[in-house]
Amino acid sequence: MDKLEQIERLRERAQVSYDEARTAYEEANGDLLDALILLERQGKVAPPKGDGYYRSEQQTVSEPINEGKEEHSRGRRNNNEEANNNFKETLDKIWKFLTGLIKKGNETSFEILKDKEHMATFPVTVLALLLLFAPWVTLPLIVIGLFFGFHYQFVSNDK
């Protein structure tokens, strides 16, 4: 591609006049990318959208990189805040579920009967704790009670 074709291509790409494109091309020593960057710095070309930037191998660009990092860190902060909010919402849902479960367990009773007589009554929450922390005692007692004619039932005390 000869010089005239490159200037014409730069002019079309940057949407500038031929004179502006030629001047930028000559200042960039024939490098189209450098010429485009030069026009961008002069405000004649809009910068690329997003976090991207134009760069040449010969040139180190620190300002756009830092700006991109700042925007990226802001985006990361927003993602962290969003993740924290999601985590808090999840913890709230778990807390509501557990408190509802405990409330329902306290409203429901586990009754022990023998010959249709009430021998003992206690909340299901207590039964769950006994089964959780002392299953080696609780389960055998329930099974042995069946052999001695005990019956068990759950009774809801909903109001």
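Please report Rg over Rh for region 107-156, where both radii come from the alpha carbon positions and Rh follows the Kirkwood definition.
0.97
Mind checking the full-extension length gain between Glu12 and Glu26? Use 0.36 nm per residue of separation minus the Cα-Cα distance, one decimal, nm. Don't skip to the end; give the middle numbers.
Values: separation 14, 0.36 × 14 = 5.04 nm, distance 1.65 nm.
Net length gain for the segment: 3.4 nm.
Coordinate-derived values only; no laboratory data. This one's a predicted model, so the numbers in the text were calculated from it and none came from an experiment.
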